[in-house]
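Trainee: Quick one: structure below, then a few questions.
The values are calculated or read from the model by the stated rules, or taken from the named source; none is laboratory data. Computed from a prediction, not measured in an experiment: that's the story for all the values here. Cβ placement follows ideal geometry from the backbone for every residue including glycine, while neighbour counts extend to all protein chains displayed.
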Amino acid sequence: MAQIFDAPSKAILRSQIAEHIAETDKVDKRDRPDESPLPEDRFFDRELSWLKFNKRVLELAESNDLPLLERANFGAIFASNLDEFFMVRVAGLKRRIDSGIAVTAASGLSPRQQLRAISEQAHRLQDEHAHYIIEHILPALAEERIMLLSWDKLTAPEQERLSKYYRQQIFPVLTPLAVDPAHPFPYISGNSLNLAVLVENPASGKSHFARVKIPDNINRLVPVDDLTDEETREERYGFITMENLIIAHLESLFPGMIIKEARSFRVTRNEDIDVEEDDAENLLNAMEKELLRRRFGPPIRLEISDATSPFLSQLLASQLRVSDDEVYRLPAPLDMTVLFELQGLDRPDLKYRPFIPITNRQIAEVESSHAQDIFASIREHDILLHHPYDSFSTSVQAFLAQAAADPRVLAIKQTLYRTSSNSPIIDALIDAAHAGKQVLALVEIKARFDEDANIAWARKLERAGVHVVYGIVGLKTHCKLSLVVRQEAGGLRRYCHVGTGNYNPKTARLYTDLGLLTVDPVVGQDLTRLFNQLSGYAPNSSFHRLLVAPRTVRTGLIQRIQREEEAARAGKEAWIKIKVNSIVDEKTIDALYRASQAGVSIDIVERGICALKPGVPGMSENIRVRSVLGRFLEHSRIYAFANTDGPQIGEGPATGPEVWIGSADLMHRNLDRRVEALVRITDSEQINELIRYVDMQMDDTTVSWHMEPDGSYVLHSRDEEGRPLVDSQEYLIKTHQRRPSTNN
């Protein structure tokens, strides 16, 4: 039966959070020699930093070094990213302003100042994006015979075929909604594409407004079907957008009326979820109600065709109650996520080279002398996985499938934050439950924009007899953990997986993530305690090879940063290497500033947001920040330190570098409002491999964006003689494929 813990766990949670805040303050306020105040303006604004990240995504779309269809794909990713930014971050700022919560950000900006700065930069970015797609990407595609056509450019036979398609497949699902005294202005759903239509009654001469929603359950790019060029006889991919096809046939929706104007528009709404868990008797039901409410969130952005008349523009803005700053006038077509639809084209010459993940070397070595046995591979040695280069299906997925089928496995415990449709992970858990094993699934149904899917998974698992738990009230469970308990000759043995990425076979091919498979009894004990804490009452659990948020990730990392600071002051070698998605947490950043002042060399690879200011004399001159974006979404987290505190519980070197991997970024939500886990790597070869990985991405010979002290990012993709630098992802593809292994 699914569980969400109430009053007792609320008290436990508050106690835990108070304890971890006290521990953090204690660590942060520790006496240090020659400490001087840090500048007040030492943080970049997180929202503006995110916009700079999306600007880097746009630069990938603008890069002639990438295959054309991949550039188009990055153009779609930019649009999708910006949609989510408005739905969540901009919506949150507006909510704070409307509620009178005017807390100044660490950057020194008030919510209103942030909103003004976001509006200015977002207008500029979205305008650059739209014009670049229309003026560069679409013409380049046309040169490759991939054409976005307008109705008036079609031949008579093409128009005839498309008119037939419209009558049979489109017209029956359209619903024009008129606005008059008997029909109020219709509700416009978030992110839907619509037509604003102005018609005139020829009898009365009066004009009327109507809205037509573009169907969102049919591909928006409609094939023209004439697939050859008559002159060259070469294959052609011709498309017309759904909205252009509908505009060409508007008389069928408004017979007898004169079509005066028809323009596309789109509304973005507040779609963040805010569930009062303390008052929710059943979190599942509360989430379902909140998802319904999400559809009716207030508008926060109106995108309209720049050809729209002033009258129609003002009508839309007033009816939707958006300000002038919230109106984005852009060249059609709007909503460039439509470019995702081009990825299905059979044009391998315009895409990245095909990539097939391989079976991890350590797993393959055992398989070469035995039948596939993941457990045997793990017993041989801790296995460090690096996805997507190491196959997810022949490692993590095979691990859980074998656990489900093995009669000696007694129990499986699993966290699920995001997973794919038709997930083999879900199937394995269901198979295990049907086989009579004890199966616990900790499903995070508050995973943003995956709430509906996770609710469905939770119910499906419950029906199969899986014990489904939704975690601790007030915290999202974001850690990536699997625990398999198996009866063996010497007694029970616990097989563990701790990762940086979700148990999602689809994203495992698209995201770079790390994972550790181990039978170390120390990790097994840690995971057992953590799962007990998540599913029951175990607030005082202690861990030996894990750092767990919200109690010990921040404090543990700051202690290690300060250890490097002390080493540097003592004249010893001291360095820190960090790879994360984002770095925002002020306490951690301040600790890094202090370490830099002491002479610690600090390298940071980040993908998205960075509130830290690198290279500032007297504060951070020893800190370098690089950003890596590319074919795969960089998602792994690594924390490496030159020194360690000596003998530790479990295996591992007593001296030398200390390296951790896990699910936590350096953000408030990860450190304070989520359950996260980092695991210490103890194998010296794996430690060196992870350090080399960060060093490679930091190296001046590798493609990356260098963050400047003023917060700008400069792309370094070629050397002084114009030769391409090393793409770290392509390099890893090649090095993994050269290893003796088995293709997936």
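Trainee: Taking the residues in the range 525-564 that are touching a strand residue (DSSP E or B) at 6+ places or on another chain (Cβ under 6 Å) and among the charged types (D, E, K, R) as candidates, determine which candidate is nearest to Gly599 (Cα to Cα).
Mentor: Glu564
Trainee: Look through Phe53, Phe85, Phe74 and report the one residue that is surrounded by 18 or more Cβ atoms within 10 Å (Cβ to Cβ), under 28 Å from Leu442 (Cα atoms) and either in contact with a Phe, Trp or Tyr (Cβ under 6 Å, 6 or more places away or on another chain) or at pLDDT 80 or above (or both).
Mentor: Phe85
Trainee: Another question about this same structure. Where residues in the range 618-639 are over 30 Å from Pro39 (Cα atoms) and not aliphatic (A, V, I, L, M), which of them is surrounded by the most Cβ atoms within 10 Å (Cβ to Cβ)?
Mentor: So in the range 618-639, the residues over 30 Å from Pro39 (Cα atoms) come out as 629-636.
Filter again for not aliphatic (A, V, I, L, M), leaving 630-632, 634-636.
Working: Gly630: 19, Arg631: 19, Phe632: 22, Glu634: 22, His635: 22, Ser636: 25.
Only one residue fits best here, namely Ser636.
Trainee: Let me ask something else. With the checklist (1) free of Cβ contacts under 8 Å to residues at least 40 places away in the same chain; (2) assigned to a loop (DSSP other than H, G, I, E, B) in hand, flag the one item Arg631 doesn't pass.
Mentor: In the conditions (1) free of Cβ contacts under 8 Å to residues at least 40 places away in the same chain; (2) assigned to a loop (DSSP other than H, G, I, E, B), Arg631 misses (1) alone.
Trainee: Contact list please: Cβ distance under 6 Å, first residue in the range 518-534 and under 15 Å from Leu475 (Cα atoms), second residue surrounded by fewer than 21 Cβ atoms within 10 Å (Cβ to Cβ) and of a type in the set (S, T, N, Q), pairs at least six apart or on different chains.
Mentor: Gln533/Ser541
Trainee: Moving on. Name the residue, out of Asp452, Asp431, that is at pLDDT 85 or above and out of contact with any Lys or Arg (no Cβ under 7 Å at 6 or more places or on another chain).
Mentor: Asp431
Rundown of residues vs (1) assigned to a strand (DSSP E or B); (2) among the aliphatic types (A, V, I, L, M); (3) in contact (Cβ under 8 Å) with a residue 12 or more places away in the chain; (4) outside the structural domain of Lys52 (by TED's automatic domain parsing), yes/no style:
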{"site": "Thr588", "(1), (2), (3), (4)": "no, no, yes, yes"}
{"site": "Leu592", "(1), (2), (3), (4)": "no, yes, yes, yes"}
{"site": "Ala595", "(1), (2), (3), (4)": "no, yes, yes, yes"}
{"site": "Gly599", "(1), (2), (3), (4)": "no, no, yes, yes"}
{"site": "Ile602", "(1), (2), (3), (4)": "yes, yes, yes, yes"}
{"site": "Val605", "(1), (2), (3), (4)": "yes, yes, yes, yes"}
{"site": "Gly615", "(1), (2), (3), (4)": "no, no, yes, yes"}
{"site": "Gly618", "(1), (2), (3), (4)": "no, no, yes, yes"}
{"site": "Arg624", "(1), (2), (3), (4)": "yes, no, yes, yes"}
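Here's the yes/no breakdown for (1) touching a residue at least 40 places away in the same chain (Cβ under 8 Å); (2) touching a Leu at 6+ places or on another chain (Cβ under 7 Å); (3) aliphatic (A, V, I, L, M):
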residue	(1), (2), (3)
Pro333	yes, no, no
Leu342	yes, yes, yes
Leu350	yes, yes, yes
Thr359	yes, no, no
Asp373	no, no, no
Ile383	yes, yes, yes
Ser391	yes, no, no
Pro407	no, no, no
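Trainee: Return the residues of the range 561-586 that are farther than 18 Å from Arg46 by Cα, among the charged types (D, E, K, R) and in a strand (DSSP E or B); say none if nothing qualifies.
Mentor: Lys577
Trainee: State all residues of the range 313-325 that are surrounded by fewer than 21 Cβ atoms within 10 Å (Cβ to Cβ) and in contact (Cβ under 8 Å) with a residue 60 or more places away in the chain; if no residue qualifies, say none.
Mentor: Step one: list which residues in the range 313-325 are surrounded by fewer than 21 Cβ atoms within 10 Å (Cβ to Cβ), which gives 313-315, 317-325.
Passing the criteria: Leu315, Gln319, Leu320, Asp325.
Trainee: Consider Ser80 carefully, then state whether it is under 23 Å from the mean Cα position of the chain (by Cα), assigned by TED's automatic domain parsing to the domain that holds Asp324, surrounded by fewer than 19 Cβ atoms within 10 Å (Cβ to Cβ) and among the polar types (S, T, N, Q).
Mentor: Details: under 23 Å from the mean Cα position of the chain (by Cα): yes; assigned by TED's automatic domain parsing to the domain that holds Asp324: yes; surrounded by fewer than 19 Cβ atoms within 10 Å (Cβ to Cβ): yes; among the polar types (S, T, N, Q): yes.
Taking the combined requirement at face value, the residue satisfies it.
Trainee: In this structure, does Ala210 turn out to be free of Cβ contacts under 8 Å to residues at least 24 places away in the same chain, assigned by TED's automatic domain parsing to the domain that holds Ser318 and hydrophobic (A, V, I, L, M, F, W, C)? Break it down stepwise before answering.
Mentor: On the way: free of Cβ contacts under 8 Å to residues at least 24 places away in the same chain: no; assigned by TED's automatic domain parsing to the domain that holds Ser318: yes; hydrophobic (A, V, I, L, M, F, W, C): yes.
For Ala210, the condition - free of Cβ contacts under 8 Å to residues at least 24 places away in the same chain, assigned by TED's automatic domain parsing to the domain that holds Ser318 and hydrophobic (A, V, I, L, M, F, W, C) - is not met.
Trainee: Working only within the range 193-223, note down all residues that are buried (at least 18 other Cβ atoms within 10 Å of the Cβ) and either of a type in the set (Ser, Thr, Tyr) or farther than 19 Å from Ala332 by Cα (or both).
Mentor: Selection gives Val199, Phe209, Ala210.
Trainee: Collect the residues in the range 376-398 that are within 29 Å of the chain's Cα centre (by Cα) and among the acidic types (Asp, Glu), keeping them in residue-number order.
Mentor: Within the range 376-398, Asp382, Asp390 qualify.
Trainee: Just checking: which of the strands (runs of 3 or more DSSP E) contained wholly in the range 180-236 hold 1 or more residues that are at pLDDT 90 or above and under 30 Å from Gln314 (Cβ atoms)? Steps first, answer last, please.
Mentor: On the way: elements: 193-200, 207-213, 221-223.
In the range 180-236, the matching strands (runs of 3 or more DSSP E) lie at 193-200, 207-213.
Trainee: Among the residues of the range 522-563 satisfying the criterion of being at pLDDT below 95 and among the small types (Gly, Ala, Ser), which is nearest to Lys413 (Cα to Cα)?
Mentor: Per the criteria, the residue is Ser535.
Trainee: Pick from Asp41, Asp65, Asp83: which is assigned to a helix (DSSP H, G or I) and acidic (Asp, Glu)?
Mentor: Asp83
Trainee: Does Arg161 satisfy being assigned to a helix (DSSP H, G or I), of a type in the set (Lys, Arg) and either free of Cβ contacts under 8 Å to residues at least 40 places away in the same chain or within 19 Å of Ser305 (Cβ to Cβ) (or both)?
Mentor: no
Trainee: Hey, among the residues in the range 731-744 that are touching a helix residue (DSSP H, G or I) at 6+ places or on another chain (Cβ under 9 Å) and exposed (fewer than 13 other Cβ atoms within 10 Å of the Cβ), which one's modelled with the lowest pLDDT?
Mentor: Asn743
Trainee: Moving to a separate point now. Among the residues of the range 399-435, which ones are within 20 Å of the chain's Cα centre (by Cα) and either assigned to a loop (DSSP other than H, G, I, E, B) or of a type in the set (D, E, K, R) (or both)?
Mentor: Tyr417, Arg418, Thr419, Ser420, Ser421, Ser423
Trainee: Testing Thr175 on (1) assigned to a loop (DSSP other than H, G, I, E, B); (2) within 20 Å of Ala332 (Cβ to Cβ); (3) among the β-branched types (Val, Ile, Thr), one condition comes back false. Which one is that?
Mentor: Status for Thr175: all satisfied but (2).
Trainee: While we're looking at this one, here's another question. Applying the selection to the range 151-181, what residues are of a type in the set (Ser, Thr, Tyr) and under 19 Å from Val212 (Cα atoms)?
Mentor: Ser163, Tyr165, Tyr166, Thr175
Trainee: Please determine, by comparing only the residues of the range 705-722 that are farther than 15 Å from Lys613 by Cα and among the small types (Gly, Ala, Ser), which one is surrounded by the most Cβ atoms within 10 Å (Cβ to Cβ).
Mentor: Only one residue tops the list, namely Ser717.
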